[in-house]
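Input: a single structure, listed below in structure tokens.
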Amino acid sequence: MGRYFGTDGFRGEANVSLTADHAFKIGKFLGWYFGEKRRKEGEEGGPRVVIGKDTRRSSYMFEYALCAGLTSTGADAYIMHVTTTPSVSYIVRSEGCDCGIMISASHNPYYDNGIKLISGNGEKMDEDTIAAVEDYLDGLTPEPPAVTRDKIGKTVDFAAGRNRYIGYLISLATRSYSGIRIGLDCANGSAWMIAKSVFDALGARTFVIGANPDGLNINRGYGSTHIENLQRLVREEKLDAGFAFDGDADRCLCVDENGEVLTGDHILYICGTYMKDRNQLPGNKIVATIMSNFGFFRSLDEAGIVYEKTAVGDKYVSEAMVQSGSRLGGEQSGHIIFKKYANTGDGVLTAIKIMEVMLETKHTLGELRKPMYFYPQSLKSIHVTDQQAALEDKVVQAAIKEAADRIGDNGRVLVRKSGTEPVIRVMAEAEDQATCDKAVREIIGVIEAKGYAAG
């Protein structure tokens with residue numbers, strides 16, 4: 001990870017660790033940086049930068065600061081307003097823009113926010129550009145010169161870009177959803193208008209929750225990190241399926257007709273086997289992360305699908321997919337990348353692809369999930385004062401080893417630091433839930449006893 005940008009952008013508490021001044025400087029540098037790049041390549045005119053934001057109150061502050069910085073060094077800022085991360089990626093790529101910026105802290109609470117940088121091809125920004133931005137933030141490079149007169153950039157209201165993206169999603173559906181009853185949990189975030197618009201246009205009868213954002217309630221009790229409300233909705237209304245998104249709608253989890261949750265691993269398995277059967281999975285390969293369930297990999301082995309494991313983060317999944325030419329990859333958390341259609345995780349697109357499998361195979365989600373093994377799992381996060389010190393502590397390491405030895409070859413223990421929050425995530429998988437819970441509880445207890453837990 002960089003000095004400011006983690007695996008999913010520059011993230012922190014608004015006006016504490018991530019300020020409007022940071023946003024202004026990032027915009028100022030990017031306007032100059034891409035302007036210089038255009039001049040070196042002999043291209044005329046200033047850079048075009050697409051900006052989207054989620055529903056957090058602070059997103060407006062960062063949007064205006066970014067626009068001020070960009071235009072001060074000659075870039076034009078195309079403002080998509082409240083929209084999803086994948087929609088920014090789509091517009092950057094389809095409109096030939098220089099880069100994109102998404103203002104969001106994804107699944108974090110409302111008081112956090114983040115700045116995600118997206119390259120001209122719609123992928124996470126390359127490390128060299130990120131490093132150059134960080135050098136400027138640290139005062140290691142000169143101030144970009146401000147432009148004057150007609151060289152000053154302009155802001156463009158580009159809400160139309162969001163509509164183009166909605167149209168693109170609708171075009172990807174293979175069948176009408178007429179007669180299908182669908183639950184949508186929009187997390188009071190970016191998907192609150194887009195998801196319903198897409199499913200309504202395709203003919204589904206939609207039941208929507210988490211679609212009343214007030215700037216302070218994003219992810220609060222709703223969305224992919226609080227899926228129990230969608231489970232209840234599906235059961236009470238007897239729906240065919242439910243889809244839950246996170247704050248910026250770049251991930252999706254599913255609920256089947258019985259109210260049971262399908263993780264990102266289930267989605268990868270269902271879509272992967274469907275694509276393999278139709279010769280749509282190059283090399284019969286899926287890219288996943290080390291966090292994917294033990295049973296998921298066993299199921300892929302039995303289905304004749306090979307896999308590559310990456311570090312946690314859809315950024316790493318995407319990079320591996322580009323290198324191997326894979327078309328499907330993702331994370332257990334619901335970041336799923338369908339490379340033929342998008343260069344980043346896309347929650348609504350994922351829901352559409354799941355619907356395709358259901359409708360084309362004439363199977364329910366509950367039936368589609370059955371062949372996949374899924375080991376009992378326990379996953380907990382603990383806020384810490386120093387991630388690295390906690391992980392390197394010999395007593396903590398001994399507790400991890402003891403838990404892993406107890407589980408043996410019938411599961412695993414994985415302890416890692418988050419790339420987006422000051423937390424350590426402790427996960428255990430085993431043949432029974434009690435063993436998982438005990439392993440996680442003991443490891444977290446040692447971390448707390450050693451004084452690493454943040455107050």
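Within region 181-284, the trypsin sites (Lys or Arg not before Pro) that combine a DSSP coil assignment with at most 11 other C-beta atoms in a 10 angstrom radius are 238, 278. Volume per residue for region 238-323 equals 117 cubic angstrom (convex hull of Cα atoms).
Among DSSP beta bridges whose residues both lie in the chain, state the antiparallel percentage, nearest 5.
On the way: 34 of 65 bridges.
If I count the DSSP bridges inside the chain, around 50 percent turn out antiparallel.
Tell me which lysines have Cα within less than 23 Å of residue 116's Cα, excluding those fewer than 8 residues away on the same chain? By straight Cα distance, residue 116 reaches 25, 28, 37, 53, 124, 154, 315, 339, 340, 417.
What FRET efficiency do you get for residue 205 and residue 226 if R0 is 25 Å and r is their Cβ-Cβ distance, rounded to the nearest 0.05?
Numbers: r = 24 Å, r/R0 = 0.94.
Approximately 0.60, to the nearest 0.05.
Using a cutoff of 8 angstrom between alpha carbon atoms and counting only pairs six or more residues apart, the relative contact order for the chain works out to 13 percent.
With N the number of residues in region 173-369, Rg(Cα) / (2.2 N^0.38 Å) evaluates to 0.96.
Scaling the Cα radius of gyration of region 5-163 by the globular reference 2.2 N^0.38 Å produces a ratio of 0.94. Distances over 15 Å make up what percent of all Cα-Cα pairs in region 377-449? The share of Cα pairs beyond 15 Å in region 377-449 comes to 46 percent.
Would you compute, from DSSP H runs of 4+ residues alone, the mean residue ellipticity of the chain at 222 nm, taking -39500 (n - 2.57) per run and dividing by the full residue count, rounded to the nearest 500?
Details: 15 runs with 186 residues, N = 455.
Mean residue ellipticity, 222 nm, calculated: -13000 deg cm²/dmol.
With 20 Å bins beginning at zero, the pair-distance distribution over Cα atoms of the chain amounts to 25, 56, 18, 0 %. Using 0.36 nm per residue and subtracting the Cα-Cα separation, the extra length available between residue 379 and residue 160 on full extension is 74.8 nm.
If R0 is taken as 30 Å, the Cβ-Cβ distance between residue 95 and residue 60 corresponds to a FRET efficiency of 0.80. Shown is the FRET efficiency for residue 258 and residue 21, computed with R0 = 41 Å from the Cβ-Cβ distance and rounded to the nearest 0.05: 0.25.
Treating each Cα of region 54-111 as an identical point scatterer and summing with the Debye formula, the log10 of I(q)/I(0) at q = 0.13 Å⁻¹ comes to -0.35. Between residue 141 and residue 405, the distance separating the two model label sites (each 7 Å from Cα on the Cα→Cβ line) works out to 5.0 nm.
Calculate how many DSSP beta bridges within region 286-370 are antiparallel, expressed in % of all such bridges and rounded to the nearest 5. Please list the in-between numbers first.
Numbers: 3 of 8 bridges.
Roughly 40 percent of the DSSP beta bridges within region 286-370 come out antiparallel.
Taking other Cβ within 10 Å of each residue's Cβ, how do 218, 91, 305 sort, fewest first? Mind showing how you got there, number by number?
Details: 218 32, 91 26, 305 21.
Listed from fewest to most nearby Cβ atoms, that is 305, 91, 218.
Express in whole angstrom the spacing between the alpha-carbon centres of region 402-443 and region 1-72. So the two Cα centres are separated by 38 Å. Fraction of C-alpha pairs exceeding 18 angstrom in region 167-239: 42 percent, rounded to a whole number. Placing a label point 7 Å from the Cα of residue 150 along the Cα-to-Cβ direction, the residues of region 70-109 with a backbone N closer than 19 Å are 71-77.
Ignoring the sites themselves, what is the longest stretch of the chain with no GluC sites (Glu not before Pro) in a DSSP loop and at most 11 other beta-carbon atoms within 10 Å? By the stated rule (loop sites, at most 11 other Cβ atoms within 10 Å), 45-455. Counting only residues at least eight positions apart within a chain, or on another chain, the aspartates and glutamates with an alpha carbon under 12 Å from that of residue 370 are 256, 260. Average projection, convex hull of the Cα set of region 307-369: 4.6 square nanometres.
Every number here is computed from the coordinates shown, using simple stated rules; none is lab data. Quick caveat, the model's predicted, so the values are computed rather than measured. Note that each Cβ is placed from the backbone with ideal geometry, even for glycine, and that neighbours are counted across all protein chains shown.
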